Amino acid sequence: MPFVPVRDMQMFYNESGLRDAPPVLLIHGSGGTGASEWKSVRQGLAKHFRVLAVDCRGHGKTLDPRSAYSFELLADDMAEFLRVMKIAPAYVVGHSNGGNVALVLTVEHPKVVKKAVIMAGNAYVSQDLERYATGKWSDRISVSWGKTLAELHDGVRYKGYWRELMDRTGREIARGPNYTKKGLGKVKTPVLVIQGEDDGVNAPSHHAEFMAENLANAQLWIAPKTGHSVHEEHPEEWVKRVTKFFLE
């Protein structure tokens, strides 16, 4: 699997699908990697697209010389990745914090995004998200998830790295993104907003509805009786809807 120089680091990515097909960039969420996040839908997307699933800065096999995490920083990385790979503008998909990165990428780097799918993300910091800045997020993560995070990240670095990564991530969740209704209204890029009806993180504050109502060119899919990861609970329908949105 290849690495590509992006700004101050070597970014790792997985590629699948048709080389000459329209490119799709997949951006994973908190603590994930390109390989771990998209297993349920990569094969389906690969029938129609050139699929590139990256390891974000500081995740998986992509190291981070800055030891930093912000949605703006990761969005800048994604914009440069698309330029270096010479595939901009591309279709972009982000899940959870990756959805936030996809949103920031779409707002701040519109020339590199053809269409975007923002799944389980948020455009502003609602009151319930402020709790992530209290204490250390890593102390509240379950033993089973902590074990998975260690397997994904510590082996490339050192024991306990995953805790530092998640604590930085938690502080960022409580800080951004913070777009106004007016700011979102200026975005002309077509966006598909996806959220599970029972998503405990985003559904209570209606983040998907906020984005869909205020982005100038947005569609909304609220998946009934579904949690935080619509693509994992309904992979076939997810691939069908996303493919139709990109190619219509």
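The values are calculated or read from the model by the stated rules, or taken from the named source; none is laboratory data. No experiment lies behind these values; they were computed from the predicted model shown. Because the Cβ atoms are built from the backbone with ideal geometry, glycine has one as well, and the counts that use them run over all protein chains shown.
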Among the residues of segment 141-150, count how many are out of contact with any Gly (no Cβ under 9 Å at 6 or more places or on another chain) and closer than 19 Å to residue 97 by Cβ.
2
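Does residue 201 meet the test of being under 23 Å from residue 71 (Cα atoms), assigned to a loop (DSSP other than H, G, I, E, B) and modelled with pLDDT under 95? Step through it out loud before you land on a result.
Numbers: under 23 Å from residue 71 (Cα atoms): yes; assigned to a loop (DSSP other than H, G, I, E, B): yes; modelled with pLDDT under 95: yes.
Yes, satisfied.
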Return the pair list, or none, for Cβ contacts closer than 7 Å from residues in segment 179-208 that are surrounded by fewer than 21 Cβ atoms within 10 Å (Cβ to Cβ) to residues that are assigned to a loop (DSSP other than H, G, I, E, B) and of a type in the set (D, E, K, R), at least 6 apart or on different chains.
197/225; 198/225; 203/197
Within segment 209-227, is even one residue in contact with a Ser or Thr (Cβ under 8 Å, 6 or more places away or on another chain), farther than 14 Å from residue 122 by Cβ and crowded, with 18+ Cβ neighbours inside 10 Å?
no
Subset of segment 1-15 that is surrounded by 15 or more Cβ atoms within 10 Å (Cβ to Cβ) and not acidic (Asp, Glu) - its residue that is farthest from residue 89 (Cα to Cα)
9
Neighbours by Cβ (under 6 Å, 6+ apart or cross-chain): first from segment 211-238, in contact (Cβ under 8 Å) with a residue 24 or more places away in the chain; second among the acidic types (Asp, Glu) and not in a loop (DSSP other than H, G, I, E, B):
226/233
When restricted to 236, 232, the only residue among the charged types (D, E, K, R), outside any loop (DSSP other than H, G, I, E, B) and under 16 Å from the mean Cα position of the chain (by Cα) is 232
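Could you tell me whether residue 189 is within 24 Å of residue 144 (Cα to Cα) and in contact with a strand residue (DSSP E or B) (Cβ under 8 Å, 6 or more places away or on another chain)? Working first, answer last.
Numbers: within 24 Å of residue 144 (Cα to Cα): no; in contact with a strand residue (DSSP E or B) (Cβ under 8 Å, 6 or more places away or on another chain): yes.
Spelling it out, it is not the case that residue 189 is within 24 Å of residue 144 (Cα to Cα) and in contact with a strand residue (DSSP E or B) (Cβ under 8 Å, 6 or more places away or on another chain).
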